[in-house]
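Contents: one structure, followed by commentary.
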Amino acid sequence: MSGKLRLNGATSGYIELQAADTANNATLTIPNDGFGGGGKVLQVVQTVKTDAVSESVSANTWEDITGMSASITPATGSKVLVNFNIQTGLDGGIYNMKTQLLRGSTAICIGDARGSSRKRVTTQVWSTYTHGSYNWWNQSMQFLDTSPSGDGSTAITYKLQWTDSYSRTLYLNRSAQDSDTHYYATAVSQITLTEIGA
């Protein structure tokens, strides 16, 4: 015997399996979902927000960003790839907007604790522009959540929160200064969840 197993394609080509010259009586078991089941994309969930939002926040108090959440039901052992991209604006003086990503009520993808006053955040915008109210900033992150603890039946919600060092109004998909002229626009923000099989 040649020690080869050839599987011919329906129209052309083939896949060939070849045993070693001296085989060790090993058994190859092909899983039900074929080779390479791990790492497959199993599902994708996305929230897209196209309208403009303005929200008042208290100094150093985390508040949910309206509409910036998405829920997914991952299988046991799966990972969740989180991708978000938000367009943000701030009003007045010194800008110190911070965001954090949460799984349920737990902040994830944040920096280490350093000292007693620094906040642990996912992203931050820091600016002292005199005319900063006319500007806006893109904040984005891609993060692989390796331990979402899915069970295949319970939905897990990921969301974004924001705050500032001062009590002020924060803006999504628009700048603080805004009027119906060609100088201003309305942007789009999104959060996307991708389940990666174990």
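The values are calculated or read from the model by the stated rules, or taken from the named source; none is laboratory data. No experiment lies behind these values; they were computed from the predicted model shown. All Cβ positions, even for glycine, are placed from backbone atoms using ideal geometry, and neighbour counts span all protein chains on display.
Can you pull out every residue in the range 53-74 that is under 17 Å from Tyr158 (Cα atoms) and either exposed (fewer than 15 other Cβ atoms within 10 Å of the Cβ) or among the charged types (D, E, K, R) (or both)? Within the range 53-74, Glu63, Asp64, Thr66, Ser71 qualify. Scanning the range 76-90 for residues that are surrounded by fewer than 20 Cβ atoms within 10 Å (Cβ to Cβ) and outside any strand (DSSP E or B) turns up Thr76, Gly77. The set of residues in the range 58-75 being on the phi < 0 side of the Ramachandran plot, assigned to a loop (DSSP other than H, G, I, E, B) and of a type in the set (S, T, N, Q) consists of Ser58, Thr61, Thr73. The residues listed here are Asp164, Asp178, Asp145; of these, the one that is touching a residue at least 12 places away in the same chain (Cβ under 8 Å) and more than 18 Å from Ser56 (Cα to Cα) is Asp145.
Quick check on this structure: which one of Ser117, Ser153 is among the small types (Gly, Ala, Ser), free of Cβ contacts under 8 Å to residues at least 60 places away in the same chain, farther than 19 Å from Ile65 by Cβ and not in a strand (DSSP E or B)? So the residue among Ser117, Ser153 that is among the small types (Gly, Ala, Ser), free of Cβ contacts under 8 Å to residues at least 60 places away in the same chain, farther than 19 Å from Ile65 by Cβ and not in a strand (DSSP E or B) is Ser117.
Looking at the structure I just gave you, is Lys159 touching a strand residue (DSSP E or B) at 6+ places or on another chain (Cβ under 9 Å) and under 23 Å from Thr194 (Cβ atoms)? Taking the combined requirement at face value, the residue satisfies it. Cβ separations smaller than 8 Å between residues 6+ apart or across chains give the following pairs from the range 91-109 residues that are within 18 Å of Asp164 (Cβ to Cβ) and outside any strand (DSSP E or B) to residues that are modelled with pLDDT under 95 and aliphatic (A, V, I, L, M): Asp91/Ala176; Gly92/Ala176. Scanning the range 163-198 for residues that are loosely packed, with under 14 Cβ neighbours inside 10 Å and modelled with pLDDT of 95 or more yields one hit, Val188. Hey, can you tell me all the residues within the range 114-128 that are at pLDDT below 95 and hydrophobic (A, V, I, L, M, F, W, C)? Matches in the range 114-128: Val125, Trp126.
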